[in-house]
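Please read the structure below before turning to the comments.
Laboratory data are not the source of any read-out in this text; all were calculated from the coordinates shown. Note that the coordinates shown come from a computational prediction; the quantities given were computed from them, not determined experimentally. A quick note on method: Cβ atoms are made from the backbone with ideal geometry, for glycine too, and the neighbour counts reach across all protein chains shown.
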Amino acid sequence: MDNFELINALVLISNFVLIPALSYGSQLALATLSLTIIYGVLRFSNFAQADWMSFGTMTTILFTWYLQSLGITGGFLPTALIALPFAIIVTALFCLLIDRSVYSFYRKKKSPPIVLMIVSVGVMFILQAIVRFVIGPNDRKFFDGEKFIVHALDFKDYFGLSEGLTIKSTQLITLIVAIIAMVSLFYFLQRTKMGKSMRAYSNNEDLALLSGINPERVVLITWVIASALITTAGVLYGLDKSFKPFTYFNLLLPMFAAAIVGGIGSPIGAVIGGYVIAFSEITLTYAYKKFFIYLLPESLEPSGLMQILSTDYKFAISFIILVIVLIVRPTGIVRGKII
Amino acid sequence: MTGGYGGEDILHSCNIEVNEKEIVVIVGPNGAGKSTAMKAMLGMIDLKSGDIILEGNDISNLSPQKRVAAGIAFVPQSMNIFSELTVEENLEMGGFLRDGNIQKTIDEIYELFPAMKEKRKQLAGELSGGQRQQVAVSRALMTQPKVLMLDEPTAGVSPIVMDEIFDRIIQIKETGVAVVIVEQNARQALKIADFGHVLVNGENRFYGKGNELLTDPEVRKSFLGG
């Protein structure tokens, strides 16, 4: 084995495991942050989360089409990024409408979390129907602009390797947008008066009332922030892959798994959990055959795919991790609330 | 005040009065309605009859939050701090309703409780029982209240810490605040009290100066264990 083989193996792993897991992890982390903030402040598991993500992405796509029809595009960047702020506003307003008409009724009655959770399942069906009614159940690509930052063929030629490294622009955009969103969220929660009052309300509701914190205002800000996070997550995921309501719905399990692995109610836990789930899913379903061919001498080369689990089982991984965490450490990595 | 939690009335024409720079202690056997009286003053339960008057204004119809803004501060017996926030953030949340500079009040509180200044970056939930109690009182003081109500401030702390808490309460009184305390440790509490109420079954049974109640043979016999 020479150095080239080692480099080839590393490039291969970066291309098929590290970079995709990093971008999928960032998308999942944003979605989980939204879930965990709702859980922390409003105290219920929001099952409408994944369809809410569909709704936000759908709104972005509609705005993107409208902008494109006006001849406005993002140039080398996807037009969806321009549409995103408008879509966040619409999604947040829609969310507040649902809150006023549905959730606030149960909140005033001081219903237990289980009731709110079941209510959120109802909201989930409504959102699902709206999305399918407006944009349909089909797979849609809404990416435009420059597709690659590093192209596999160029990379190969340039470095004289047999493995190419591809970095899609959506992957870099995901990473940058996710970092900006996370940093500003943590700044908001830790440094601003409103953010601190949200944490105070989440920590001790009665005492927050005694301190004069207005609960309705906290609820409103929570919905707006959670809407912004989930819409951003949905758009980044859709740009990277494609938008299909059913695929989005299937993200509900990884989201909950990530929230619980990290420690539900804890924003830092949500970020850690998002990356843990994403890296587990991709490392466990990748076929390592070529990787070992590079690293091992010819006589030891594997004949099988060297794949731990078929990609069809990727949701099982979230599920298994979820079960293990609930048995071994129910509070999650960062000590969150116990469900 | 007459009222309760919806079932049978717990308070029966009970009357409590406090002036600024005064400590009033409410004592009485279990189930006498001590905490209920305090909740009624704060607006956490509805009264059937009676009024809550603050500086001549009737605040009986205000929500608890409005009463906080009007100048009543309350330290509950349990869950009285934001355990996941730092000490300093607890104070900031106490001053949530105030606009403008709260740093001056924070500094004054640090003067009163030097231990708070030392631990200001620490999570309130990681502190000892006595220190938590100090955080709880400090948070309530951040609203610059006219009336400070404490529900069993010495529950579950050691005798030494208890003395310290009472010392601080006297200091707080000196700054011009009216203090109402519900207390199980009747003997110690009455020592620092200007006036004391003994509640039994939601009624005022005895009322008098703190030290008079302490020496009153009947009160001694029934509540202070001879």
task: For chain A, find the longest principal axis of its Cα atoms and tell me its angle to the long axis of helix A:113-134, 0 to 90°, nearest 10.
output: 60
- prompt: Hey, what do the phi angles of segment A:232-240 turn into as Karplus ³J(HN,Hα) couplings, whole Hz, using 6.51/-1.76/1.60 and θ = phi - 60°, x for Gly and Pro?
  reply: 4, 4, x, 5, 5, 5, x, 5, 5
query: If you place +1 on the Cβ of every Lys and Arg, -1 on the Cβ of every Asp and Glu, and leave all else neutral, what size is the dipole of segment B:109-226 about its Cα centre, to the nearest 20 Debye?
result: 280
statement: Summed over the other residues with a beta carbon less than 14 angstrom from that of A:Ile213, with K and R at +1 and D and E at -1, the charge totals +2
Nonlocal amide H pairs with B:Phe74, under 5 Å, H built at 1.01 Å: B:Met149
query: Taking the Cα centre of chain A as the origin, how large is its charge dipole in debye, to the nearest 20, when only Lys and Arg (+1) and Asp and Glu (-1) carry charge on their Cβ atoms?
result: 1520
- request: Taking the dipole about the Cα centre of segment A:3-328, with the C-beta of Lys and Arg at +1 and of Asp and Glu at -1, give me whichever of A:Leu284, A:Gly304, A:Ile317 is farthest to the positive side.
  value: A:Ile317
task: With springs connecting C-alpha atoms under 10 Å apart, model chain A as a Gaussian network and identify which of A:Ile118, A:Ile82, A:Ile308 has the largest mean-square fluctuation.
output: A:Ile308
message: Distance between the C-alpha centers of segment B:92-141 and segment A:146-209? Whole Å please.
response: 35
- prompt: trypsin sites (Lys or Arg not before Pro) within segment A:94-129: which are DSSP loop residues with at most 13 other Cβ atoms inside 10 Å?
  reply: A:Lys109, A:Lys110
- prompt: Taking Rh as the Kirkwood radius, which is the inverse of the mean 1/r over Cα pairs, what is the Rg/Rh value for chain B?
  reply: 0.96
- request: State, to one decimal in nm², a quarter of the convex hull surface area for the C-alpha atoms of segment A:205-290, i.e. the direction-averaged projected area.
  value: 7.7
message: Below 8 Å between Cα atoms, with a sequence gap of 6+, how large is the relative contact order for segment B:2-223 in percent?
response: 32
- line: Footprinting proxy, A:Leu127, A:Leu284, B:Leu141, A:Leu35: sorted fewest to most Cβ within 10 Å, the residues are A:Leu284, B:Leu141, A:Leu127, A:Leu35
statement: Amide H proximity to A:Gln307 below 5 Å, modelled H, separation 5+ or other chain, gives A:Tyr288
- line: Most exposed first, judged by fewest Cβ atoms within 10 angstrom, B:Glu203, B:Glu89 run B:Glu203, B:Glu89
- request: Only Cα pairs under 8 Å and at least 6 apart count here; give the relative contact order of chain A as a rounded whole percent.
  value: 31
query: After finding the eigenvalues of the alpha carbon gyration tensor for chain A, what semi-axes result from the square roots of 5 times each, listed largest first in whole Å?
result: 37, 24, 18
query: Can you give the average number of partner chain beta-carbon atoms within 10 Å of each beta-carbon in peptide B:73-82, as a whole number?
result: 3
- prompt: When B:Arg139, A:Arg140 are ordered from fewest to most other Cβ atoms inside 10 Å of their Cβ, what list results?
  reply: A:Arg140, B:Arg139
Local net charge near B:Met79, Cβ-Cβ under 14 Å (Lys/Arg +1, Asp/Glu -1): -3
- prompt: What are the ³J(HN,Hα) values, in whole Hz, obtained from phi via the Karplus relation 6.51 cos²θ - 1.76 cosθ + 1.60 with θ = phi - 60°, for each residue of segment A:61-66 in sequence order, with x given for Gly and Pro?
  reply: 4, 4, 5, 4, 4, 5
message: Give the separation of the Cα centroids, segment A:32-61 to segment A:289-319, in Å.
response: 35
Per-residue mean of C-beta atoms belonging to partner chains within 10 Å, peptide A:194-205: 5
task: Treat every Asp and Glu Cβ in the protein assembly as shown as -1 and every Lys and Arg Cβ as +1, leave all other atoms uncharged, and give the resulting dipole magnitude about the Cα centre to the nearest 20 debye.
output: 760
For segment B:10-73, radius of gyration divided by Kirkwood radius, i.e. Rg to Rh on alpha-carbons: 0.94
query: Along the charge dipole of the protein assembly as shown, which of B:Pro153, A:Asn214, B:Phe113 sits closest to the positive end, that is, farthest toward it, with unit charges on the beta carbon of Lys, Arg, Asp and Glu (+1, +1, -1, -1)?
result: A:Asn214
